[in-house]
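Asks: First the structure, then my questions, so here it is.
The values are calculated or read from the model by the stated rules, or taken from the named source; none is laboratory data. As the structure is a computational prediction, the values presented were derived from the model and not from experiment. In this analysis, Cβ positions are derived from the backbone assuming ideal geometry, glycine residues included, and neighbour counts consider all displayed protein chains.
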Amino acid sequence: MKHSYSSVDKSRLLRDVIRSLLLHRVWFFIGIQDVKRRYRRSFIGPLWILINLGVYVGAIGFVYGVMFGQDLKAFLPYLMLGFVVWGLISASMVDAGMVFVSAEGYIKQFSYPKQIYILRALVSSSMNFVMGLAAVALVQIFLGTFEVTGWLLAIPGLLLLYIALLGHTTIFSYLGTAFRDLPHALAGVLQVVFYLTPIVVPASVLKNHGLEFVYLVNPIYHLIEVVRHPILTASLAPLSTYGLVFGYILVVYCIAWYVASRLDKKVVFLL
Amino acid sequence: MTQNFIRLHNVGVRFTGDMNTDGLIGWLARKRSGESAPGAYTVEALNDVTIAIEQGERVGLIGLNGAGKSTLLKVMAGIYMPTSGIAETEGHVCPMFEFATGFEMHQTGRDNIRIRGLLLGMTPDEIEAKLPEIEEFTELGEFLKYPVRTYSAGMFIRLAFAVSTSINPEILLIDEVMGAGDIRFAKKAKNRMFEFMEQGKILVFSSHNFDLLKSFCARTIWLEKGRIIMDGGTEDVIAKYESSQR
């Protein structure tokens, strides 16, 4: 195992990234430990995820469903899916700011490339997501709208979502380390984006008011749609949605690469 | 079999401290006014360091506090990137730098052993196989089931030390970590450390203990203000170093 570090070496970052991906045992284990820690000493543990989701859907679902004249049978899964995917996206931006900061003790004394801590964050934030998806499936079964085809068709969307989120987490983990205000600012901005994205509000309501552009220009809407649309309708999302997500991923990765190559060496000094 | 080595060629490490404290807003304000950051500073932690250490060598590092010993070890470990020059290593690097940080406070001692083992390059199977031995060495018994936030400083050291010395190192980098724990543990640790240092195919360690350096290293490097002052036989280097401090 040869390692070469040079001030002018351009391929080191790429080698570190590949090495990190291969160290899946390390980041997966630490990620799972994070999840365990979150619910240690809690009586019902991860069931809290389901309870919180249930309370949210119960309260918002009925009120907004009636307000917007939605059929609850379709609206409840819609609301849940949007909320669950949103949670994961928001973690990839806000929580990502702490990725390197909270791993300071590790980064300063172990030799592994620091990208393993980015992957670890993705593992630990996936717990809520997986539980949430399971809850959606249960609700769908209960309402009699569960379709296996829909869930299978959501797989490409889920993959795209995770690829995009890996990019997000990378960008914000580096920027959050260098600019400690960023996570706070982002939390505020995302609050606004949450209400502008069709999650609580059905997209059709915005469309009927001539506000279609509000969500069409919002990449987060498309990230949600590639997962939500197939599960709800048992058919693939419009091709343009996949295209937009793909384009978004390209842009995100270009930014991620730029940010990482500028800050990667500095991170350890910024902690 | 491949030969292990550490080769540094004109390595320099320069810290810049201007982004440390003032975050986004300060950065934007400075960008607009075009002035440099208030209190911006640079530290030349290492300057033009060229060293070649080949398989089988044991090298000591001496120098005053702040001379660059830890920085040099961190460059060898791949934790700090050189800001100039090239650093190359061949072999699995095992750093032993800090025993008081890098714990998951809310997790049990046992889970912390697992995490530490993974980060030092052990496989999960290896860790499980060595777990009884590691646990025994720590003498922490029941406490291994408790979250480590309940541990005392000495208990952290026991845990970290036991894990770090249970691996098979190729390149072993040690930063002044002798004298761990209470009297009983310190004695036990010393013996284990000596065994451990014998195993490493390459050993680089910093110390202020001249007897230790003389007994372990044929070669010693003397650093001062980030530069190599002398690189040669341990006896010679220590003699010069001692006379310079008088």
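Asks: Condition test on A:Thr149, is it outside any helix (DSSP H, G or I), surrounded by fewer than 21 Cβ atoms within 10 Å (Cβ to Cβ), in contact (Cβ under 8 Å) with a residue 12 or more places away in the chain and more than 13 Å from the chain's Cα centre (by Cα)?
Replies: no
Asks: State yes or no: is A:Leu190 assigned to a helix (DSSP H, G or I), of a type in the set (A, V, I, L, M, F, W, C) and at pLDDT 95 or above? Give the derivation first.
Replies: On the way: assigned to a helix (DSSP H, G or I): yes; of a type in the set (A, V, I, L, M, F, W, C): yes; at pLDDT 95 or above: no.
When the stated conditions are applied, A:Leu190 does not pass them.
Asks: Looking only at segment A:39-54, filter to residues that are in a helix (DSSP H, G or I) and touching a residue at least 60 places away in the same chain (Cβ under 8 Å); which one of those is nearest to A:Ile199 (Cα to Cα)?
Replies: A:Leu53
Asks: How many residues are part of a helix (DSSP H, G or I), without any contact (Cβ under 8 Å) to a residue 40 or more places away in the chain and of a type outside the set (Val, Ile, Thr) if we restrict to segment A:230-256? Don't jump to the end; show me each part of the working.
Replies: Filtering segment A:230-256 down to residues part of a helix (DSSP H, G or I) leaves A:230-233, A:239-256.
Filter again for without any contact (Cβ under 8 Å) to a residue 40 or more places away in the chain, leaving A:239-241, A:243-244, A:247, A:250-251, A:254.
Imposing the further condition that a residue be of a type outside the set (Val, Ile, Thr) reduces the set to A:239-240, A:243-244, A:247, A:250, A:254.
Residues meeting the conditions: 7.
Asks: Within segment B:145-204, restricting attention to residues that are small (Gly, Ala, Ser) and modelled with pLDDT of 80 or more, which residue is farthest from the chain's Cα centre (by Cα)? Show your work before the answer.
Replies: At the first step, the residues of segment B:145-204 found to be small (Gly, Ala, Ser) are B:152-154, B:160, B:162, B:164, B:166, B:179-181, B:186, B:189, B:200.
Of the ones still in play, those that are also modelled with pLDDT of 80 or more are B:152-154, B:160, B:162, B:164, B:166.
Working: B:Ser152: 22, B:Ala153: 19, B:Gly154: 19, B:Ala160: 13, B:Ala162: 16, B:Ser164: 11, B:Ser166: 16 Å.
Checking each candidate, the answer is B:Ser152.
Asks: Does segment A:36-60 hold any residues that are among the polar types (S, T, N, Q) and within 14 Å of another protein chain (Cβ to nearest Cβ), and which are they?
Replies: A:Ser42
Asks: Is it the case that segment A:213-229 has a residue that's assigned to a loop (DSSP other than H, G, I, E, B), touching a helix residue (DSSP H, G or I) at 6+ places or on another chain (Cβ under 9 Å), more than 14 Å from chain B (Cβ to nearest Cβ) and surrounded by fewer than 20 Cβ atoms within 10 Å (Cβ to Cβ)? Full working, then the answer.
Replies: At the first step, the residues of segment A:213-229 found to be assigned to a loop (DSSP other than H, G, I, E, B) are A:217-218.
Now narrow it down to the ones that are touching a helix residue (DSSP H, G or I) at 6+ places or on another chain (Cβ under 9 Å): A:218.
Now narrow it down to the ones that are more than 14 Å from chain B (Cβ to nearest Cβ): A:218.
Add one more test, that the residue is surrounded by fewer than 20 Cβ atoms within 10 Å (Cβ to Cβ), and what stays is A:218.
The answer is yes, given that some residue of segment A:213-229 is assigned to a loop (DSSP other than H, G, I, E, B), touching a helix residue (DSSP H, G or I) at 6+ places or on another chain (Cβ under 9 Å), more than 14 Å from chain B (Cβ to nearest Cβ) and surrounded by fewer than 20 Cβ atoms within 10 Å (Cβ to Cβ).
Asks: Kindly provide the set of residues from segment A:53-89 that are touching a Phe, Trp or Tyr at 6+ places or on another chain (Cβ under 8 Å), small (Gly, Ala, Ser) and at pLDDT 90 or above, ordered by number.
Replies: Across segment A:53-89, the qualifying residue is only A:Gly87.
Asks: Filter segment A:45-66 down to the residues that are surrounded by fewer than 17 Cβ atoms within 10 Å (Cβ to Cβ) and either out of contact with any helix residue (DSSP H, G or I) (no Cβ under 8 Å at 6 or more places or on another chain) or among the small types (Gly, Ala, Ser) (or both) and list them by number.
Replies: Correct list: A:Gly45, A:Leu47, A:Ile51, A:Asn52, A:Gly54, A:Val55, A:Gly58, A:Ala59, A:Val63, A:Val66.
Asks: Being more than 21 Å from B:Ala52 (Cα to Cα) and in contact with a Gly (Cβ under 6 Å, 6 or more places away or on another chain) is true for just one of B:Ile157, B:Ile167. Which residue is that?
Replies: Going through B:Ile157, B:Ile167 in turn, just one is more than 21 Å from B:Ala52 (Cα to Cα) and in contact with a Gly (Cβ under 6 Å, 6 or more places away or on another chain): B:Ile157.
Asks: Now a separate question. List the strands (runs of 3 or more DSSP E) that sit entirely inside segment B:49-153 and contain at least 1 residues that are hydroxyl-bearing (Ser, Thr, Tyr), under 30 Å from B:Ser244 (Cα atoms) and facing chain A (nearest Cβ under 10 Å).
Replies: Result: B:84-90.
Asks: Among the numbered criteria (1) farther than 27 Å from A:Trp48 by Cβ; (2) surrounded by fewer than 22 Cβ atoms within 10 Å (Cβ to Cβ), which one does A:Ile141 miss?
Replies: Only one criterion in (1) farther than 27 Å from A:Trp48 by Cβ; (2) surrounded by fewer than 22 Cβ atoms within 10 Å (Cβ to Cβ) is unmet by A:Ile141, namely (1).
Asks: Testing A:His222 on (1) farther than 15 Å from A:Leu158 by Cα; (2) in contact with a Leu (Cβ under 8 Å, 6 or more places away or on another chain), one condition comes back false. Which one is that?
Replies: (1)
Asks: Same structure again: Looking at A:Leu88, is it in contact with a helix residue (DSSP H, G or I) (Cβ under 6 Å, 6 or more places away or on another chain) and either hydroxyl-bearing (Ser, Thr, Tyr) or more than 14 Å from A:Met127 (Cα to Cα) (or both)?
Replies: no
Asks: Would you be able to say whether some residue in segment A:186-198 is buried (at least 19 other Cβ atoms within 10 Å of the Cβ) and within 14 Å of another protein chain (Cβ to nearest Cβ)?
Replies: Yes - at least one qualifying residue is present in segment A:186-198.
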